[in-house]
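The values are calculated or read from the model by the stated rules, or taken from the named source; none is laboratory data. These figures come from a predicted structure and were not determined experimentally. Here the Cβ positions follow ideal geometry from the backbone for every residue, glycine too, while neighbour counts run over all protein chains shown.
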Amino acid sequence: MEKIRLGYVGAGFMAQAVHLPNFTALPDCEVVALAEMRPQLAQKVAERFGIPRVYATHSELLLDPDIDAVAVSAHYVHQAQVAEDALRAGKPVFMEKPMALTVERAERMLQAAREGGGRLMVAYMKRYDAGIELAKQLIDRCRQSGELGKLFYLRARCFTGNWTAGNSATVIHTDEPYPDAPSEAPEWLPEKYQQSYIGYLQVYCHNVNLARWLLNAGDDWQVTAVDLDDDAFTGVAVLRMGGVRVSLETGSLAAHQWDEDSQAYFQKGWVKATSPSLLLRNSCATVEVYRAEDGAEYSRPFPKEGWSWSFQREAAHFIHCVRTGEPFRSSGEDAIQDIRIFEAIYRKWLGM
């Protein structure tokens with residue numbers, strides 16, 4: 001079969017350090033066009049990755065008849081508009097999370113997909129981490145078999161740290177100004193909390209999305225309690241997902257490595273996945289299983305595809321699904337639940 005011809009929008013940090021290297025390395029994908037509003041940066045990045053055509057705007061790129069699918073990583077507001085336009089043009093779209101900053105905007109994007117026939121995949125790369133895939137398989141098996149008793153609690157903990165793992169040195173920079181982006185936040189949110197909300201959503205949507213996936217919860221969730229500090233970022237939110245209590249523990253730590261894990265507690269043990277620094281290549285989450293009975297034991301199973309990078313695996317998944325028509329593991333229809341959850345968390349915290 002012919003390669004999927006991909007148009008990429010955005011030439012910033014994530015495009016250069018993550019997505020363009022991964023898409024251009026796939027044997028069944030060809031990046032044929034790049035759209036970037038900063039002309040010098042666009043030309044330099046296109047030359048580095050061997051991209052033949054450069055456009056100043058995504059609107060121009062969408063008029064290119066040779067493009068089969070679109071990927072975008074840009075400012076949250078910009079990329080939401082790019083995705084909406086591409087979906088309305090009937091293109092399969094890969095975009096960075098979160099899919100939007102408001103539920104209203106996310107709903108507009110899904111409406112554009114319905115009108116134009118496009119399909120949206122949101123890049124929640126943790127769902128494609130080989131270690132986390134293994135942890136999910138173990139959690140599912142233990143829930144079905146009952147071998148560890150009832151699953152009663154999931155702890156989603158992230159205190160950030162060094163996420164680049166030294167993989168930022170080769171990113172091209174120019175002195176061109178970054179394009180202005182209009183302010184966008186939920187209308188009901190007080191202005192003094194808008195930037196905190198955007199940061200909270202941008203970082204921790206990963207953890208909420210992953211918890212829903214590990215528990216097969218889908219849209220079965222509710223926020224029961226929220227305790228945040230004055231920074232509107234640090235604290236604990238308690239939810240119910242698929243009938244299981246979930247704690248979202250958040251904060252910012254100046255650590256030399258990344259500090260994040262998801263731990264599912266059963267009555268007779270646990271399954272824990274500890275995530276690596278995001279840009280640490282060819283390293284997956286480590287998995288720990290504890291069994292309390294029969295002498296008590298710990299095990300640390302290693303996945304078959306453990307020496308892999310979640311970002312590369314999600315890119316391969318997108319191209320595979322575009323080729324085959326198979327559903328995306330992290331679709332827009334699913335990802336909108338994360339936006340709804342974060343609006344609900346802040347509403348609960350603010351007593352609204």
- [ ] Considering every residue within the range 110-129, establish whether at least one is farther than 30 Å from Gln81 by Cβ, modelled with pLDDT of 95 or more and among the hydrophobic types (A, V, I, L, M, F, W, C).
- [x] no
Open item on the list: Please verify whether Leu280 is within 19 Å of Ala165 (Cα to Cα), surrounded by fewer than 16 Cβ atoms within 10 Å (Cβ to Cβ) and in the same structural domain as Phe233 (by TED's automatic domain parsing), treating the condition exactly as stated.
Closed with: no
Open item on the list: Restricting to the range 302-328, give me the number of residues that are part of a loop (DSSP other than H, G, I, E, B) and in contact with an Asp or Glu (Cβ under 9 Å, 6 or more places away or on another chain).
Closed with: 5
TODO: For the range 307-344, name all the residues that are of a type in the set (A, V, I, L, M, F, W, C) and farther than 18 Å from Ala83 by Cβ.
DONE: Trp307, Trp309, Phe311, Ala316, Ile341, Phe342, Ala344
Open item on the list: Looking for something part of a helix (DSSP H, G or I) and touching a Phe, Trp or Tyr at 6+ places or on another chain (Cβ under 9 Å) - is there at least one such residue anywhere in the range 140-161?
Closed with: yes
Open item on the list: If I ask for residues that are assigned to a loop (DSSP other than H, G, I, E, B) and either over 20 Å from Trp163 (Cβ atoms) or in contact with an Asp or Glu (Cβ under 8 Å, 6 or more places away or on another chain) (or both), which ones from the range 262-277 would you list?
Closed with: Gln267, Lys268, Ser275
Task: Tally of residues being more than 25 Å from Val236 (Cα to Cα), buried (at least 17 other Cβ atoms within 10 Å of the Cβ) and in contact with a strand residue (DSSP E or B) (Cβ under 9 Å, 6 or more places away or on another chain) across the range 130-166 - done: 6
- [ ] With the condition kept exactly as written, say whether any residue in the range 65-72 is of a type outside the set (Val, Ile, Thr) and under 20 Å from Tyr178 (Cβ atoms).
- [x] yes
TODO: Determine the pairs where a residue that is free of Cβ contacts under 8 Å to residues at least 24 places away in the same chain and outside the structural domain of Asn207 (by TED's automatic domain parsing), located within the range 311-337, has a partner that is surrounded by fewer than 22 Cβ atoms within 10 Å (Cβ to Cβ) and outside any helix (DSSP H, G or I) with Cβ atoms under 6 Å apart, the partner being 6 or more residues away or on another chain.
DONE: none
Open item on the list: Can you say whether Cys284 is at pLDDT 95 or above, assigned to a loop (DSSP other than H, G, I, E, B) and hydrophobic (A, V, I, L, M, F, W, C), as far as the supplied structure shows?
Closed with: yes
- [ ] Assess whether Leu253 counts as being outside any strand (DSSP E or B), loosely packed, with under 15 Cβ neighbours inside 10 Å, on the phi < 0 side of the Ramachandran plot and not acidic (Asp, Glu).
- [x] yes
Task: Within the range 1-103, strands (runs of 3 or more DSSP E) holding 1 or more residues that are within 19 Å of the chain's Cα centre (by Cα) - done: 4-9, 69-72, 92-96
Task: the range 291-307 residues that are in the same structural domain as Thr274 (by TED's automatic domain parsing), paired with ones that are of a type in the set (Phe, Trp, Tyr) and not in a loop (DSSP other than H, G, I, E, B) (beta carbon under 7 Å, 6 or more apart) - done: Tyr298/Tyr290
TODO: Answer with yes or no whether Ala169 is closer than 18 Å to Val18 by Cβ, at pLDDT below 95 and either out of contact with any Pro (no Cβ under 7 Å at 6 or more places or on another chain) or buried (at least 16 other Cβ atoms within 10 Å of the Cβ) (or both).
DONE: yes
- [ ] Can you confirm whether the range 219-226 contains a residue that is without any contact (Cβ under 8 Å) to a residue 24 or more places away in the chain and in a loop (DSSP other than H, G, I, E, B)?
- [x] yes
Task: Odd one out for Trp258 among (1) in contact with a Ser or Thr (Cβ under 9 Å, 6 or more places away or on another chain); (2) without any contact (Cβ under 8 Å) to a residue 60 or more places away in the chain - done: (2)
TODO: Only residues that are out of contact with any strand residue (DSSP E or B) (no Cβ under 6 Å at 6 or more places or on another chain) and not polar (S, T, N, Q): list them for the range 61-84, please.
DONE: Leu62, Leu63, Pro65, Ala74, His75, Tyr76, Val77, His78, Ala80, Glu84
